[in-house]
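Encoded as structure tokens, the structure appears first; notes follow it.
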Amino acid sequence: MQALAVAGRHALGDAPHGVAPDELPGPEATPTQVVAWVAENFPLRSVAVACSMADGALPHLVAQQLPGVDVLFLDTGYHFAETAFTRNEVAERLDVTVVDVRPELTIAQQTAAHGKDLFARDPNLCCAIRKVEPLHRALQGYDVWITGVRRDESPTRTDTPLITWDERNGLVKVNPVAAWSFDDLLDYATVHEVPVNPLVAQGYPSIGCAPCTRPVAAGEDPRAGRWAGLAKTECGLHL
């Protein structure tokens, strides 16, 4: 499987470490071409799409070639109402199967074990309990997970490859829209009339849990509203 990930990177113009750009067969693949590579190499039920429900662009893109694909939604218990609304819109309007992924602990159980408002005192532990562990558990049984990570989102994501081997989860990780901008994403959503979280129009280009997300000002880093005021920029899913 790891060898297939390396071969996929080379075939799609996404250079693995140590491979010079002039050794690649052509320019970097488009999102549609990346999804086509997945569809050609993996059966439908071995593929999962991870979606934060900021919009339905990625599920729609994948479903064009893998109709009925599983879309994993991390139901942390702390989502905005608008995010839950978008999740339902994606499930109803797109040709996908939304799978709700929940933590083993309810918020009440987490509070009993770790104290109230863990997100404010130890956001890394809160994300580990409510996001990282549940997703790791949910991905068992899949061979591929497709994400919406983009290189323009933050400095920690500028080198995001189209395809990589995810050692922690033991599967191929695919980032078909890595080269897209935020505007590219919105343009796709507009052209294809897919659901977009209402919070996007209210200044939330990156949407996480309600207690840890604020709108951003014009010109700010798109992820500046995530864990604002804390020394944290990633939930841990993509590290």
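The values are calculated or read from the model by the stated rules, or taken from the named source; none is laboratory data. Predicted model only: the values in this text are computed from it and were never measured. Note that we place each Cβ from the backbone using ideal geometry, even for glycine, and neighbour counts take in every protein chain shown.
With respect to ASP221, is the statement that it is out of contact with any His (no Cβ under 8 Å at 6 or more places or on another chain), farther than 24 Å from ASP75 by Cβ, in a helix (DSSP H, G or I) and not β-branched (Val, Ile, Thr) true?
Against the criterion (out of contact with any His (no Cβ under 8 Å at 6 or more places or on another chain), farther than 24 Å from ASP75 by Cβ, in a helix (DSSP H, G or I) and not β-branched (Val, Ile, Thr)), ASP221 does not qualify.
Being hydrophobic (A, V, I, L, M, F, W, C) and at pLDDT 80 or above is the filter; apply it to the stretch 1-21 and report the residue that is surrounded by the most Cβ atoms within 10 Å (Cβ to Cβ).
LEU12
List every residue pair whose Cβ atoms lie under 7 Å apart, where the two residues are 6 or more positions apart in sequence or sit on different chains, the first residue falls within the stretch 1-30 and is more than 16 Å from GLU167 (Cα to Cα) and of a type in the set (Gly, Ala, Ser), and the second residue, located anywhere, is loosely packed, with under 13 Cβ neighbours inside 10 Å and at pLDDT below 90.
Sorted first by the residue in the stretch 1-30, then by its partner, the pairs are ALA11/PRO25; GLY13/PRO25; GLY13/GLY26; GLY13/PRO27; ALA15/PRO21.
Can we say ASP55 is touching a residue at least 40 places away in the same chain (Cβ under 8 Å) and touching a helix residue (DSSP H, G or I) at 6+ places or on another chain (Cβ under 8 Å)?
The answer is yes for ASP55.
Any idea which residue in the stretch 107-147 is surrounded by the most Cβ atoms within 10 Å (Cβ to Cβ), counting only those that are in contact with a strand residue (DSSP E or B) (Cβ under 9 Å, 6 or more places away or on another chain) and of a type in the set (A, V, I, L, M)?
Top of the filtered list is ILE146.
So which helices (runs of 4 or more DSSP H) are wholly in the stretch 22-132 and hold at least 3 residues that are at pLDDT 95 or above?
31-41, 57-63, 81-93, 107-114
Give me the strands (runs of 3 or more DSSP E) completely within the stretch 142-182, filtered to those with at least 1 residues that are without any contact (Cβ under 8 Å) to a residue 24 or more places away in the chain and either within 18 Å of ALA29 (Cβ to Cβ) or charged (D, E, K, R) (or both), ordered by residue number.
Those strands (runs of 3 or more DSSP E) span 163-166.
Tally time: how many residues in the stretch 162-191 are over 20 Å from GLN64 (Cα atoms) and in contact with a Pro (Cβ under 8 Å, 6 or more places away or on another chain)?
1
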